[in-house]
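Shown next, in structure tokens, is the structure this report addresses.
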Amino acid sequence: MKFGVYTAILHDRPLPEALAVIRDLGLDAAEINVGGFLPPVHMPTIDEILTSDTARDDYLGLFAEAGVELAGLNANGNPLHPDPHIGPPTLADIDRAIRVAHRLGQTRVVTMSGLPGADAEAAVPTWIVNPWESSLLDILDDQWARAVPVWRDLDRLAADHGVRIAIEMHPHNLVFNPATLERLIDAADAESIGAEMDPSHLFWQGIDPIAAIDHLGERVVHAAAKDVRINPAAAIHGVLDDRHTRFTGDRITRIRGDAAISRWPAESAWDFVALGRGHDQAFWDRFVAALHAVDPDMAVHIEHEDEDLGRIEGLETAAEVLLTARDRVA
């Protein structure tokens, strides 16, 4: 297996320095962002790599020099967003990510399914979380009807380039759990679509990530290492806690697509945390073992979003847990 870092958290430094951080953590792989929500900070020469063997070889040489393997590209975003300034460019980024992955000898591109509006005239996406009312089912069916042709085309493109698309099951997307992932695969008759197994987004939904891995089996093609802590406030506000507030002015720290990430409640129902701060070592041992059973060559990358820990501190905390799990599986 490959154990590394999704390098978005290290966009504050150039790629060689980011790779040195990964190596010094005792990890051996990196997942690089190539578009979508975030700019391709660690691959600014995508167009050159697509057309120049020299540019491609120079880029891969940075990884060889650092002793860190390139193990996946990431283009997370909303390719189905109804805003023409967001949806089509994101879709183009995913298309380009597949093509540049092929050029670099990569077989995994991580992204999200996306989410359209409630109807063809909508200006913003609409997430139908629990469609027990029939009118919501009608909206959801229409959203799927518009999404499936897009994903059928992406699946064919990926198949032509020897790439698997690893979809992160993420809130505010059509695909946010194993059932919706399977629906997309079946509806698109997909050969090259699978799951990026990120347990953080499953935990707060009440899904057991180990059971999800066992259920999906070989449809799990890539993995993220990110934890969630369920807090006492969940007993009052539930996991669909909506007490978020807007950032204003210089309080905005991250932008995704068309909107700033909101500020979480002071006593939130749940939080993203570094590995071990939400679920103990025993869970992560079982998580890595379950992934190994599916694919002994699986790539597992730390995604650091613990706001209580600095960039390096959070990576160090997660790496210690992940490497312990690796050693116990070996």
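The values are calculated or read from the model by the stated rules, or taken from the named source; none is laboratory data. Note that the structure is a prediction, hence the values are computed from the model and not measured. Every residue, glycine as well, gets a Cβ built from its backbone with ideal geometry; the counts of neighbours run over all protein chains shown. Surface accessibility is based on the protein's heavy atoms, side chains included, excluding ligands, DNA and RNA. Shrake-Rupley method; radii C 1.70, N 1.55, O 1.52, S 1.80 Å.
Neighbours of Asn177 by Cβ distance under 14 Å: Lys/Arg scored +1, Asp/Glu scored -1, total -3.
In this calculation the C-beta distance from Ala20 to Ala92 is compared with R0 = 25 Å, giving a FRET efficiency of 0.20. Here the Kirkwood formula, the inverse mean of 1/r across different C-alpha pairs, assigns segment 38-122 a hydrodynamic radius of 14.1 Å. Ranked from largest, the principal axis spans of the Cα set of segment 71-211 equal 46, 37, 24 Å.
Taking 4 °C and 1.567 mPa s as the conditions, I'd like the Stokes-Einstein D for segment 98-165 in µm²/s, using the Kirkwood hydrodynamic radius from alpha carbon pairs.
Working: Rh = 13.7 Å.
For the chosen part, D equals 94 µm²/s.
For segment 3-159, the Kirkwood estimate of hydrodynamic radius, built from reciprocal distances between every pair of different alpha carbons, is 17.0 Å.
Taken about its Cα centre, segment 2-327 carries a charge dipole of roughly 240 debye when the Cβ of each Lys and Arg holds +1 and the Cβ of each Asp and Glu holds -1. Per residue, segment 19-172 exposes 42 Å² of solvent-accessible protein surface, assessed with a 1.4 angstrom probe and all protein chains in place.
The rule of thumb for compact globular proteins, 2.2 N^0.38 Å, goes into the C-alpha radius of gyration of segment 1-70 1.06 times. Quick one: with all protein chains in place, what share of the accessible area of segment 162-248 is carbon or sulfur, to the nearest percent (1.4 Å probe)? Summing carbon and sulfur atoms, their accessible area is 51 percent of the total for segment 162-248. Taking 35 Å as R0, compute the FRET efficiency from the Cβ-Cβ separation of Asp57 and Leu323 and round it to 0.05. The calculated FRET efficiency here is 0.70. Taking amide H as placed 1.01 Å from N in the peptide plane, Ile193 has its amide H under 5 Å from the amide H of Ile165, each at least 5 places away in sequence or on another chain.
Gaussian network model of the chain, Cα springs within a sub-10 Å range: biggest mean-square fluctuation belongs to which of Val150, Val220, Val163? Most flexible of the set in this elastic network: Val150.
Its residue count N sets the reference 2.2 N^0.38 Å, and the alpha-carbon radius of gyration of segment 273-330 equals 1.11 times that reference. Think of the chain as a dipole: +1 on every Lys or Arg Cβ, -1 on every Asp or Glu Cβ, centred on the Cα centre; then among Leu19, Val163, Leu73, Leu19 lies furthest on the positive end.
Report for segment 2-327 the percent antiparallel among DSSP-assigned beta bridges with both residues inside it, nearest 5. Kindly include the intermediate steps, with their values, before the conclusion.
Working: 7 of 34 bridges.
The answer is about 20 percent antiparallel.
Shape summary of the chain, radius of gyration then Dmax from alpha carbon positions: 19.1, 58 Å. Each peptide in 28-34, 206-212 gets a packing score, the mean of other Cβ atoms within 10 Å over its residues, and the list from highest to lowest is 28-34, 206-212.
Extension gain for Ile312 to His215 (0.36 nm times residue separation, less C-alpha to C-alpha distance): 31.5 nm. Taking other residues whose beta carbon is less than 11 angstrom from the beta carbon of Ala223, and scoring Lys, Arg as +1 and Asp, Glu as -1, yields -3.
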